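Q: Could you have a look at this structure, given as structure tokens, before my questions?
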Amino acid sequence: MRIVSLKRLEPYVLRHRIVSLIASATEIVCALGFEDFLVGRSHECDYPLGVQQLPACSEPKFNIHGTSREIDDRVKLIVRDSLSVYRIDTEKLKALKPDIIITQDHCEVCAVSLKDVQEAVCDWFESEVKIVSLRPNALADVWQGIRQIADALGHPDRAEKLIKRCQERMSAMVEKTKSLHQEQSVVCIEWIEPLMCAGNWVPELVGMAGGRDLLGKSGEHSPWMSWEQLQEANPDIIIVMPCGWDMERIRQEMPVLMKKPGWHQLKAVRQNKVYLTDGNQYFNRPGPRLVDSLEILAEIMHPQVFSFGHRGRGWQLFD
């Protein structure tokens, strides 16, 4: 796991007080070299490890433990009543006196939303708070989000340096995969029950790693899919990356898929090419570690060519 950090701060940098309410933004702030400016985080922000010492300003309104079906039912029940999925600790947030709050308006289910933040700070009259809201629908939007944060901090140059380093690492892999001429069909599962395939930036990463995503569409929200669609696609490779789950939790849920009619007849299953990934730490976080996510895909698709050290930590073969 690597974040390219521009850690050294020039003595003239204006010291901000930042609260990041989305894990990927917290990683971006740290990669830009402003970790010391963070005064608060979301309940999901856990990387780099040092941010875990910061006070958490949010929490989910539902029980996050249970099966994928149970969690989906709980979330849908809240959303049905037009309620927010997350709760912001308004008093704690106000006590931290941030001048910059970072959130997102990409998905109200995935993390604290722009609407949540606006409602939390609507009665703050004694100070001005800048709200930076990210909308990472595709990889280009991730780079734009890095620029938004760096601009808010008064250092757009840092964004360009970080983006360049990330893109250079990605480009090196893309050039290598192009020369392999071994395109493989892939389906990435972002939720198990009900089934959802990964969208947004994931199909882009699959293509960059030399694969062809059969069901996800770049730049579009992750769509629900039926079991029949997965059977009809019958990919060479299945990669499981549920949002917010690590590999151990995914493994516990895999019997749900294994009990589906025709599971053992799928090409990926027959060829022993079903993989579990740490979606929580990598693929579901649109920040600098999407570079590591691309490395994981490259290792999975071309194990004889790529070895970045992610096996066992970021992904594992399901057998």
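The values are calculated or read from the model by the stated rules, or taken from the named source; none is laboratory data. Here the structure is a predicted model, which means the values were calculated and not measured. All Cβ positions, even for glycine, are placed from backbone atoms using ideal geometry, and neighbour counts span all protein chains on display. Calculation scope for accessible area: heavy atoms of the full protein, side chains included, ligands and nucleic acids excluded. Shrake-Rupley method; radii C 1.70, N 1.55, O 1.52, S 1.80 Å.
Q: Among MET225, VAL85, HIS310, whose Cα projects farthest towards the positive end of the dipole of the chain, with charges put on the beta-carbon of Lys, Arg (+1) and Asp, Glu (-1)?
A: Result: HIS310.
Q: Quick one: pull the percent of accessible area on the stretch 33-78 belonging to carbon and sulfur, 1.4 Å probe, ligands and nucleic acids left out.
A: Heavy-atom surface of the stretch 33-78 belonging to carbon and sulfur, 1.4 Å probe: 52 percent.
Q: Under 29 Å between alpha carbons, and skipping anything fewer than 8 positions from LYS259 in its own chain: which lysines qualify?
A: Answer for LYS259, where 29 Å is the Cα cut-off: LYS76, LYS217, LYS267, LYS273, listed by chain and number.
Q: If you fit an axis through the alpha-carbon atoms of helix 290-301 and take the longest principal axis of the Cα set of the chain, what angle between them do you get, 0 to 90°, nearest 10?
A: Helix 290-301 sits roughly 10 degrees off the main axis of the chain.
Q: Rounded, prolate or oblate: which fits the stretch 25-86, taking a ≥ b ≥ c as square roots of the Cα gyration tensor eigenvalues, rounded meaning a/c under 1.5, else prolate when a/b beats b/c?
A: prolate
Q: Quick check: the angle from helix 139-152's long axis to the longest principal axis of the chain, C-alpha only, nearest 10 degrees?
A: The two axes meet at around 10 degrees.
Q: Ok, one more. Can you list the lysines whose alpha carbon sits under 26 Å from that of LYS92, skipping same-chain ones fewer than 8 residues off?
A: Here the lysines satisfying the reach criterion relative to LYS92 are LYS61, LYS115, LYS130.
Q: If you don't mind, another one. Binning at 10 angstrom from zero up to the longest distance, how are the C-alpha pair distances of the chain distributed in percent?
A: Bin by bin from 0 Å, the calculated values are 6, 26, 34, 23, 9, 2, 0.
Q: Using a 1.4 angstrom probe on heavy atoms only, work out the carbon and sulfur share of the accessible area of the stretch 167-319 in %.
A: Using a 1.4 Å probe with all protein chains present, the stretch 167-319 comes out at 47 percent carbon and sulfur.
Q: Also, quick follow-up: Mind putting a number on the dipole of the chain about its Cα centre? Charges go on the C-beta only, +1 for Lys and Arg and -1 for Asp and Glu, and I need it in Debye to the nearest 20.
A: 620
Q: Per q in 0.13, 0.20 Å⁻¹, report the Debye log10 I(q)/I(0) for the stretch 216-304, using one uniform scatterer on each alpha carbon and no solvent.
A: Log10 I(q)/I(0), no solvent term: -0.47, -1.16.
Q: Averaged per residue, what accessible surface does the stretch 153-275 expose to a 1.4 Å probe, in Å²?
A: Per-residue value: 46 Å².
Q: Let me spell out the model: positive unit charges on the Cβ of Lys and Arg, negative unit charges on the Cβ of Asp and Glu, origin at the Cα centre of the stretch 165-319. What dipole size does that give, in debye rounded to 20?
A: 240
Q: Still on this structure, I have one more. Looking at the chain, identify the longest residue range that excludes and avoids all GluC sites (Glu not before Pro) in DSSP loops having at most 12 other Cβ atoms within 10 Å.
A: Result for the longest clean stretch: 1-125.
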